[in-house]
Amino acid sequence: MGGNIFKNIATAIPRDRVEPTIEAYTKALGEIFPMKAHSLSFFKPVGSAGKKPVSGDLDLAIDWTHIARSFTSAELQKWGIEWDDWNDLYTKIHKRARTATYQMSKMRALLTLISAKLTEKMDVNDRVTAGNIFTCFEQHDESGPTGDYVQVDWMVGDIDWLQWSYYSHGEISLKGLHRTQFLVALFSEIGYTFSHFSGIKEKKTSEWTITSPEDALQLLSEHYGMVTHSQTQTFAQLHSWLLRADSEAYFRVISRYREILRIQKENIPNALQHTI
């Protein structure tokens, strides 16, 4: 999700190392934050890791309630963080924020302080958001540490939304972004902005009004034709669905989609190579 941040350290991770590495990673987190060890066991891999023979990084999603249901002194102490330190940082962050909600600024402050403590066990990038921490951790196999490293990204938010928005089936020759950017194009064509982290909102507005997969599917169904959850798991499924559901809108969406991929310097899927 965060791109290749640790270019000089992290490498791709083979499929058979994914589970041992996640297990070692969550164990390390529990040692740093013993009072949150149980909560941190709820990290779930999203994206293509474990589905493709090799993955560029590990994206781990967790529901925000496992990070902090509230920002009281007692809750923050579980992370070893003082309320005054958190409140000072939160105040600074929210004063600079243009569109962030109070909740987003509060979570970003907490994740920033958490990331500082993570440096005890691993490399951590200082680019922290309201839903992301970017780390680098040693890869493990069944025998233990391998000497290689992998980028591990935290995805904090509503777990149902995160698992849908970051879902990747591991399509051959395609990346997870080929599927999610198709969703971006679909929602953009009908006047909405799609965010992996926040949800969906009308363009030029600030409120993320759609934050569940079910409501997102309902919006697509209303504008293009009936679509189910199982039809949105891959680029191929989305492409096939749209072609059948709304042939008139198809070429407009594909035009947007191709432009998105061009800007991101990503390959055009073979199914669209001859599409105008």
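A short reminder: the numbers here are calculations on the coordinates, not readings from a lab. Here the structure is a predicted model, which is why all the values come from computation and not from measurement. Methodologically, a virtual Cβ is constructed for each residue, glycine included, from the backbone with ideal geometry; neighbour enumeration extends over all protein chains shown.
In summary, the range 13-157 shows an alpha-carbon radius of gyration equal to 1.07 times the 2.2 N^0.38 Å reference for compact globular proteins.
Roughly what angle does helix 247-263 make with the longest principal axis of the chain, taking Cα atoms, 0 to 90 degrees, to the nearest 10? Roughly 40 degrees between the two axes. Bridging of residue 201 to aspartates and glutamates at a Cα separation below 17 Å is possible for 158, 189, 214, 215, 222, once same-chain residues fewer than 8 apart are set aside.
Couplings 3J(HN,Hα) of the range 52-66, computed from phi: 9, x, 9, 10, x, 7, 10, 9, 10, 9, 8, 5, 4, 5, 7 Hz, in residue order, whole Hz [Karplus 6.51 cos²θ - 1.76 cosθ + 1.60, θ = phi - 60°; x for Gly and Pro].
Close amide H contacts of residue 61 (hydrogens built in the peptide plane, cut-off under 5 Å, sequence separation of 5 or more or a different chain): 44, 46, 155. Taking 7 Å steps out from each Cα toward its Cβ at residue 127 and residue 96 produces label points 1.5 nm apart. What the phi angles of the range 10-24 give under the Karplus curve with 6.51, -1.76 and 1.60, with θ = phi - 60°, is a coupling list of 6, 10, 5, 10, x, 4, 6, 9, 4, 5, x, 6, 5, 4, 5 Hz, glycine and proline written as x. Rounded to the nearest 10 degrees, the inclination of helix 176-189 to the longest alpha-carbon principal axis of the chain is 60 degrees.
DSSP assigns beta bridges within the chain; of those with both partners inside it, close to 70 percent run antiparallel.
The alpha-carbon of residue 92 sits under 22 angstrom from the alpha-carbons of these lysines, leaving out residues fewer than 8 places away in its chain: 106, 117. Look at where the Cα atoms of the range 43-94 and of the range 169-210 average out, and the two centres are 22 Å apart. Counting only Cα atoms, the size of the range 94-162 along its three principal axes is 47, 28, 14 Å, in decreasing order.
Within the chain, what is the longest stretch that has no GluC sites (Glu not before Pro) placed in a DSSP loop and near at most 11 other beta-carbon atoms within 10 Å? Looking at the chain, 1-119 is the longest stretch - no exposed GluC sites (Glu not before Pro) with at most 11 other Cβ atoms within 10 Å. To the nearest ten degrees, helix 102-118 and the longest principal axis of the Cα atoms of the chain are 60 degrees apart.
Spin-label pair residue 204-residue 160: with each label point 7 Å from Cα along the Cα-Cβ axis, the two points sit 3.2 nm from one another. Within the straight-line cut-off of under 13 Å between alpha carbons, the aspartates and glutamates reachable from residue 27 are 19, 138, sequence neighbours fewer than 8 places apart in one chain being disregarded.
Considering every Cα-Cα pair within the chain, what fraction, in whole percent, is farther apart than 32 Å? Result for the distance tail: 29 percent. Plainly put, the range 119-247 has a radius of gyration that is 1.06 times its Kirkwood radius, both from alpha-carbon atoms, as the Rg/Rh ratio. When the listed pairs 175/265; 52/121; 7/36; 175/203 are checked against a 19 Å cut-off, the alpha-carbon distance exceeds it for 52/121; 7/36; 175/203.
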